[in-house]
Amino acid sequence: MKMSNWLDWQLIVSGIFIAAVAAIGVSTTSDYVVQILVLATIYAAVALSWSIAGGLGGLLLLGFISFYGVGAYTNGILFTKYGISPWINIVLAAGFAGLLGWLIAAVTLRYELSEDYFAMFTVGLSQALKIVLLNSEYFGRATGIYITIVKDDWAMMSFVSRKPYLLIALLILVVIIAASYWIQRSTFGFRLAAVRQNSRAAEALGINPVKTKIHAIIVSGALGGSVGAFYSQFVTFIDPKQVFSLATNFEMLLGAVLGGRLTLIGPILGAATLKPLQDVLRGVFGGEADALYLVLYGALLIVSCLALPKGIAFYIEKWHRKRYGNS
């Protein structure tokens, strides 16, 4: 298979990248550096999760924060109210987020919402969920949910140090990379590509476009929800405005767009570049001139999009094909 060599190469590079991040995190004595590494890993995991439906599936799933927020609240509620371990909650969050994905697919495809209307529906749903939680006593209203950690406990994924969270975040990213790799190598991946390029032609070949899109949304949503569950445990505090924020939503998805949403390493490279860059700019230009770092960050994003319209990974792939042949 011609594509497999490029795909396998991406898998190897991803493994090297993860090993390097783990080595930096373990060796550093700075909690700030570890914090940035964990958040960058979370953003990479979300971007790669989204790229399954938003990239490989070609769906304008702009309101992806809904799955992330549902996952975050799944862990927040189950951990604080019922004492259920986050290790279990991550799996349950994937289930709930996957169910939400199925509901989104059922409604939008039932009423044949596509392109812009599908995108607006997903964005609107994320904000509707935020309003519901802001007015729900059970979910803490605007006060949110606090997770108290007083000692290290692997069984409950609770640590005073930040370093164990980095290792867990990298483990989650490895699982999502493996899922994306498997999808791209499988017949499901080829069905996604066919539907993305020409839905009618795919249907003529015996592919069910609706079923394929439903599966893509469910898988993407489930993976995004699992990341959200871990995030809530890491930050120890969530509220609706935080985990359903459209600013955060687009910031996470931008990593996949800038890196290359049709590739394995693209979302990882994009997130690994954007999140640390944002934190560095905030640290250097924040404080009294708090808006300055946002201006600089926005300007850099504009330049990046103009200079790399097809994503970072597109040019890496060109280099790879030039060096190793058309494989």
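The values are calculated or read from the model by the stated rules, or taken from the named source; none is laboratory data. Note that the structure is a prediction, hence the values are computed from the model and not measured. We place every Cβ from the backbone using ideal geometry, glycine too, and count neighbours over all the protein chains shown.
Quick look at the numbers
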{"item": "Phe230 at negative phi, at pLDDT 90 or above and crowded, with 24+ Cβ neighbours inside 10 Å", "result": "yes"}
{"item": "Some residue of the stretch 195-211 being in a helix (DSSP H, G or I), in contact with a Phe, Trp or Tyr (Cβ under 8 Å, 6 or more places away or on another chain) and either on the phi < 0 side of the Ramachandran plot or buried (at least 17 other Cβ atoms within 10 Å of the Cβ) (or both)", "result": "no"}
{"item": "Residues that are buried (at least 19 other Cβ atoms within 10 Å of the Cβ), farther than 20 Å from Trp6 by Cβ and of a type in the set (Gly, Ala, Ser), drawn from the stretch 247-279", "result": "Gly255, Ala271"}
{"item": "Checking Gly76 against (1) modelled with pLDDT of 95 or more; (2) touching an Asp or Glu at 6+ places or on another chain (Cβ under 9 Å), the condition it does not meet", "result": "(2)"}
{"item": "Test result for Ile42, under 25 Å from Trp319 (Cα atoms), β-branched (Val, Ile, Thr) and either assigned to a helix (DSSP H, G or I) or at pLDDT below 95 (or both)", "result": "no"}
{"item": "Unmet criterion (only one of (1) within 28 Å of Ile16 (Cβ to Cβ); (2) more than 13 Å from the chain's Cα centre (by Cα)) for Asn208", "result": "(1)"}
{"item": "Unique residue being at pLDDT 95 or above, under 20 Å from Tyr68 (Cα atoms) and basic (Lys, Arg) when the list is Lys163, Lys130, Lys213", "result": "Lys130"}
{"item": "Failed criterion for Arg200 (all others in (1) modelled with pLDDT under 95; (2) over 28 Å from Ser114 (Cβ atoms); (3) charged (D, E, K, R) hold)", "result": "(2)"}
{"item": "Residue among Ser180, Ser161 that alone is assigned to a helix (DSSP H, G or I) and either exposed (fewer than 15 other Cβ atoms within 10 Å of the Cβ) or not acidic (Asp, Glu) (or both)", "result": "Ser180"}
{"item": "Failed condition for Ala93, given (1) out of contact with any helix residue (DSSP H, G or I) (no Cβ under 8 Å at 6 or more places or on another chain); (2) buried (at least 22 other Cβ atoms within 10 Å of the Cβ)", "result": "(1)"}
{"item": "Options Ile52, Ile18; residue that is outside any loop (DSSP other than H, G, I, E, B), at pLDDT 95 or above and closer than 23 Å to Phe121 by Cα", "result": "Ile52"}
{"item": "Hits in the stretch 112-139 (condition: under 25 Å from the mean Cα position of the chain (by Cα), among the small types (Gly, Ala, Ser) and within 24 Å of Asn89 (Cβ to Cβ))", "result": "Ser126, Ala128"}
{"item": "Tally, over the stretch 240-268, of residues that are in contact with a Leu (Cβ under 8 Å, 6 or more places away or on another chain), more than 25 Å from Leu306 (Cβ to Cβ) and either of a type in the set (A, V, I, L, M) or not in a helix (DSSP H, G or I) (or both)", "result": "1"}
{"item": "Qualifying positions in the stretch 235-246 - of a type in the set (A, V, I, L, M, F, W, C) and surrounded by fewer than 20 Cβ atoms within 10 Å (Cβ to Cβ)", "result": "Val235, Phe237, Leu246"}
{"item": "Lone unmet requirement of (1) out of contact with any Gly (no Cβ under 9 Å at 6 or more places or on another chain); (2) at pLDDT 95 or above for Ile149", "result": "(2)"}
